[in-house]
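Below is one structure, written out as structure tokens, with a few remarks after it.
FYI, it's all coordinate maths here, none of it is from the lab. All values reported here derive from a predicted model rather than from experimental measurement. Every residue, glycine among them, receives a Cβ derived from its backbone with ideal geometry; neighbour counts consider all protein chains shown.
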Amino acid sequence: MKFGVVIFPGSNCDYDTYYVLKEVLNQDTIFLWHKDHDLKGVDAIILPGGFSYGDYLRTGAIAKFSPLMREVKEFALKGGLVLGICNGFQILLEMGLLPGAMLRNKNLKFLCQFVYLRVENPDTPFTKLCKKHQVLKIPIAHFDGNYYAPPEIMEKLKRNNQIVLRYSTSKGEITEEANVNGSMENIAGIINEKGNVMGLMPHPERASEKILGSEDGQYIFKSMINSWIK
């Protein structure tokens, strides 16, 4: 499978993501520069975490105008797999490829810590190797990760089973305490209606080797690989 990792000015998790895909999971992986117009025949696109354009104006608001995003949007609308991690999730929201918006964390502090995530929907290309309500241990690192959507959008997300990951306790309990950033419905990750575009705030690339304290992030990437193979 050929992955493309997009680099924006301010990306800081691009090389981490590239390393996991290329060196840990042995996948054909290339970088895609945000000013180009060539996706170079990739099978899946990753929008990595970081601070694209310094998060000026609003997280992801400037990155959505990068030239390559035209091709990324067309790729997504045609059914190509697109994963947005943290800032990548914020960009997907700004592009309209996913519904909703990100607010500042409820405590108005930058959060960098391991969290637990309960898999709500294992029937996606990004979670198909997981079991329903399986708990994953993956870290977060964000200031604007408080997911918000108006009531009608929230109802649609629930009705269509588009809520993929929720913040939980280590035992899989959905509690207010586990909801570290204040996201509505404890949402940590969602998918589009078609099921080929996913955004999540936690960083799976930072939990893909035992030395990092967890390998649970591999479930996300390996599910994508498995979906492509079959």
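For the chain, with the dipole built from +1 on Lys and Arg beta-carbon atoms and -1 on Asp and Glu ones, taken about the Cα centre, which of Val5, Asn105, Asn226 lies farthest toward the positive end?
Asn226
Compute the Rg/Rh shape ratio of the chain: radius of gyration over Kirkwood radius, all on alpha-carbon atoms. Don't skip to the end; give the middle numbers.
On the way: Rg = 15.8 Å, Rh = 17.1 Å.
Taking Rg over the Kirkwood Rh, I get 0.92.
Give the cross-link partners of Lys22 among the aspartates and glutamates, using a straight C-alpha distance below 15 Å as the criterion and excluding same-chain residues fewer than 8 apart.
Asp14, Asp43, Glu205, Glu209
If the limit is 32 Å between Cα atoms, which of Lys40/Lys171; Lys35/Lys156; Lys2/Lys171; Lys2/Lys210 go over it?
On the way: Lys40/Lys171 42 Å; Lys35/Lys156 34 Å; Lys2/Lys171 35 Å; Lys2/Lys210 24 Å.
Check vs 32 Å cut-off fails for Lys40/Lys171; Lys35/Lys156; Lys2/Lys171.
About its Cα centre, how strong a charge dipole does the chain have in debye, to the nearest 20, once Lys and Arg get +1 and Asp and Glu get -1 at the Cβ?
Here the size comes out at about 320 debye.
Please arrange Val6, Val20, Val135, Val119 by counting, for each residue, the other beta carbons lying within 10 Å of its beta carbon, fewest first. Walk me through the numbers on the way to the answer.
Values: Val6 28, Val20 25, Val135 17, Val119 21.
Taking fewest neighbouring Cβ atoms as first place, the list is Val135, Val119, Val20, Val6.
Over 25 Å between C-alpha atoms is what I'm after, so list which of Lys132/Lys222; Lys73/Lys194; Lys64/Lys131 land there. Don't skip to the end; give the middle numbers.
Values: Lys132/Lys222 17 Å; Lys73/Lys194 14 Å; Lys64/Lys131 33 Å.
With Cα atoms farther than 25 Å apart: Lys64/Lys131.
Rounded to the nearest 5, what % of the DSSP beta bridges within the chain are antiparallel ones?
60 percent
Using a Gaussian network model on the chain with a 10 Å cutoff between Cα atoms, which of Leu103, Leu212, Leu83 fluctuates the most?
Leu212
Taking loop as defined by DSSP and a crowding limit of 11 other beta carbons within 10 Å, which trypsin sites (Lys or Arg not before Pro) in the range 131-220 fit?
Qualifying residues, ordered by number: Lys131, Lys132, Lys171, Lys194.
Once you've got the GNM for the chain with C-alpha springs shorter than 10 Å, pick whichever of Asn186, Asn87, Asn105 has the biggest mean-square fluctuation.
Asn105
Run the dipole for the range 8-93 about the Cα centre, Lys and Arg Cβ at +1, Asp and Glu Cβ at -1, nothing else charged, and hand back the magnitude in debye, nearest 20.
Around 320 debye, computed over the range 8-93.
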